[in-house]
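Data block below; observations after.
The values are calculated or read from the model by the stated rules, or taken from the named source; none is laboratory data. Being a predicted model, the structure only gives us computed values, none of them experimental. Here the Cβ is made from the backbone with ideal geometry for all residues, glycine too, and neighbour counts use every protein chain on show. Ligands, DNA and RNA are excluded from the accessible area calculation, which covers all protein heavy atoms including side chains. Shrake-Rupley method; radii C 1.70, N 1.55, O 1.52, S 1.80 Å.
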Amino acid sequence: MGLPFMKPDEAYRHIPPYPSFLIPELRKTLGIPSDQYLLIAFDEVGVLDKKPDEFQLKRTHDGRVRPYNDFFGIISQLCKEPDLFFIVVGKSKGLSINNDVAFGLSRVILHFISLSPLDASSIVEFLEKSLLKTPTQVPVCNVLCSSSFSVNELADSLLECTGGVPGLLTRAVNMLLNYIIARNQPFISKEECLTCMNDYDFRRICAEPFVERILNLDEDRKSVFDLLLMMALFRIPFKVDDRLTSESFLYDAVTEMGLYRYPIDQNTLQILIPKVFVGIFKKDPSISSLEKILLESLDVEPVDCFFYSKCRVFEGIVALRLVLMLSSKNRNELRELLCQLSPIWKQMKLPISTISPIHYMKSVVSSRETRNESNKSRRTFANTEWNKIIRETLYLETIYIPLDATSHSPDIIFKLQSPVEPKVLTVGVACKGRWRSEGIGWSDIIDEAKKFLDPVHDEVLSSAMDYHHCMLIIVSTKLSLNVSNELGNQSRCYSSGMFIGGDLFKVPDNCELVILCERDVQMLIDKEILSGLERVFGVSHNPTFWDFGLDLLDRIRNSFLSWQ
C-alpha cells in the first residue's frame, strides 16, 4: 500500500482489522476489479491453536482453543463479497463444520479436500511444469534427466524417497538440482539418482525440517511410535474416527508425530513414513531395537509394495519373529526344535550375526517375460527363476517376503550357511491355513512342496549336491484331522526320499519338509494372537485398526519385545 514499515499495533491503527475492509484493499492493492474472481489462501490455520494468548479466540469449557469456529466466522463475513473463493489449509482436529451450519448463506458451499501425497503421474506433471527461474525457463525434468534416464524414472525415484509428500518432494527436487548444476551433468540412470537420494547427508538435509516434532515427542506419544511403524509395515489401514484412547484419535496422533496419511478411500487411510525420515530416526538414541528393525524394513521395502500391497499381518508377524529367533543370543525353543528335527538345520551357523530387516523381494523375471501372455496370471516366481533367485538375489542371513501376495512361492524365504563346511541351506516358510475351519490337508502341503522343493532341486541342487540344501517349513494355523493323525500331533521332518500323503509326493534329494504341529506354531505366534487374527480376518480380508483393536496390536508388539 506504499506505507512505511510499522509494528503490528501501529499498522492496526492505520488499517482497521475488519473483514469488510480486507477485500476492497486486496483488490485495490493487487489491481483486481470487483467483477473479477479473487482467490485467497489461508495456510496453516491450525497454528493459531498453538498461541491462544496472542489471539482473541474463544475457548471451550475445558480451556482448549478451537480456532476454526472463530476463523470461519470471519470468513462468513468475507463471503458477502462477490466473486470470492477461499482455500483454508489446516489440521482436521477440531474441524466440525458442515454446509448446513457454516454461514447460513445458500450461495456458500464448503468443499473439504484431504491433502494427500502425490502419485507417480502427478509427480511427472509437477516435474514437467516446474520451470527454472532462468531466462530460458527450462523445465526441471530437462535439467535432471538424460536420454537414458526418463522423467517417469525420476518420478519413481522421488516417490521411492519422499512418498510423494509435497513438501519433501519440493525439497528433494531442489537438492537434486543443486547437485546436478554443481557437476554440470544430468543423471544417467535411476540407480545413480537413487544412490544420490539414499546418501545419509542428502536424507538428513532433506528431512531435517520435517522430523523435529517426532524427535521431541513426549513419552506418551513415543510409546505408540513402534505401533504406528508396525501398522505401516504390515499395511494395517485405519479409519478417520479410530481412537487410541477415549481422548485421543489415531488420526491426530499420526499428524502430531509428523507422519503422513495416504487415503485408501474417503474414510480409510494408511500410515506413510517417507524413506528420507528413516536415517534420522535410526540415529536417535531413544529408538528401541524393535523400532529400528521396523524402520529398516520400511526403508528396504519397494514403494510399490506400499501403494499396492494388502494387509499381510500373519506373514509379517512370522517373518519378524523369525528375524528375532534366528538372531537371539538367548536359548529359544523353536530353534532347538528345528535342530532336533533336521540334521541339516543343526549344521547351520546360529544365531545369525546381525539383526537384519525384512526385505520385500520382487520377481526377477525379465521385462520381456513379464509382458508374455503366459505369465499374466502368475503373481510371483516362475520355475525358471529359482536359480537366479537363490544364487544372486538372496543374501545370507536375511529374511525375505515376496512383494506380491503369493500362490507360486513360499511366503517367507531366507538362506543360512554352515560355519565350518561350505554348506548352504535355503529355507522357505509357507504360512498356511488362513483361518480355514477344516484346516489344511495333504493336498495343500503337497502343492506347497511341488512349487518350491521340486523347482529348487531341479534348477539349483542338482548341480550343487555336495553343499546346497533346501528346506520347506509349513506353518499352519490349523491342520486337518488326517494330517494331525499322521503326525501324531507332533512336528515332523520328512527327509530326502520319504513320501508324504501316502505316495503322492517324494521329497527330492538334499531337501527336507518340516510340518509344525499347531502346538509348536505357537512358538512363533501365541494362541491368543492366533485366535485374535482368526477373529479379525473372519470379518475382512483387509482389516483395519478398529477390526484388530488396540489390545490385539499391543499383544503382537509385546510378542516381539519378548524376544529382543
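The amide H of ILE440, built 1.01 Å from its N in the peptide plane, has LYS478, LEU479, SER480 as neighbours under 5 Å, considering only residues 5 or more places off or on other chains. In this structure, the residue pairs whose Cα-Cα separation is over 26 Å, taken from LYS362/LYS450; LYS282/LYS329; LYS292/LYS450; LYS239/LYS432; LYS190/LYS451; LYS275/LYS362, are LYS292/LYS450; LYS239/LYS432; LYS190/LYS451. The aspartates and glutamates whose alpha-carbon is closer than 19 Å to the alpha-carbon of LYS28, local same-chain residues fewer than 8 away aside, are GLU81, ASP83. Summed over the residues of the stretch 169-243 and divided among them, the accessible surface reaches 49 Å² per residue at a probe radius of 1.4 Å. Bridging of LYS478 to aspartates and glutamates at a Cα separation below 20 Å is possible for GLU315, ASP411, GLU438, ASP444, ASP447, GLU448, GLU486, GLU518, ASP520, ASP526, GLU528, GLU534, once same-chain residues fewer than 8 apart are set aside.
According to the square roots a ≥ b ≥ c of the eigenvalues of the Cα gyration tensor, what is the shape class of the stretch 403-554, taking rounded for a/c under 1.5, prolate for a/b larger than b/c otherwise, and oblate for the remainder? Since a/c reaches 1.5 and a/b is larger than b/c, the shape of the stretch 403-554 is classed as prolate. Between the stretch 508-564 and the stretch 456-498, the C-alpha centres lie 21 angstrom from each other. Take each peptide in 448-458, 300-310, count the other Cβ atoms within 10 Å of every residue, and average; sorted highest first, the result is 448-458, 300-310.
ILE399's amide H: which non-local residues (gap 5+, or another chain) put their own amide H closer than 5 Å, with H modeled 1.01 Å from N in plane and none for Pro or chain starts? Under 5 Å from the amide H of ILE399 lie the amide H atoms of HIS359, each far enough along the sequence or on another chain. Put simply, the amide H of LEU244, placed in the peptide plane, has neighbours under 5 Å in PHE249, LEU250, leaving out anything fewer than 5 places away on its chain. Classification of the stretch 120-198 by its C-alpha gyration tensor yields a rounded form. The axis ratio a/c (a ≥ b ≥ c) stays under 1.5.
Using a simple spin-label model with pseudo-atoms 7 Å out from Cα toward Cβ, LYS310 and SER286 lie 3.9 nm apart.
A simple packing score, the average count of other Cβ atoms within 10 Å per residue, orders the peptides 337-346, 162-171 as 162-171, 337-346, with the highest score first.
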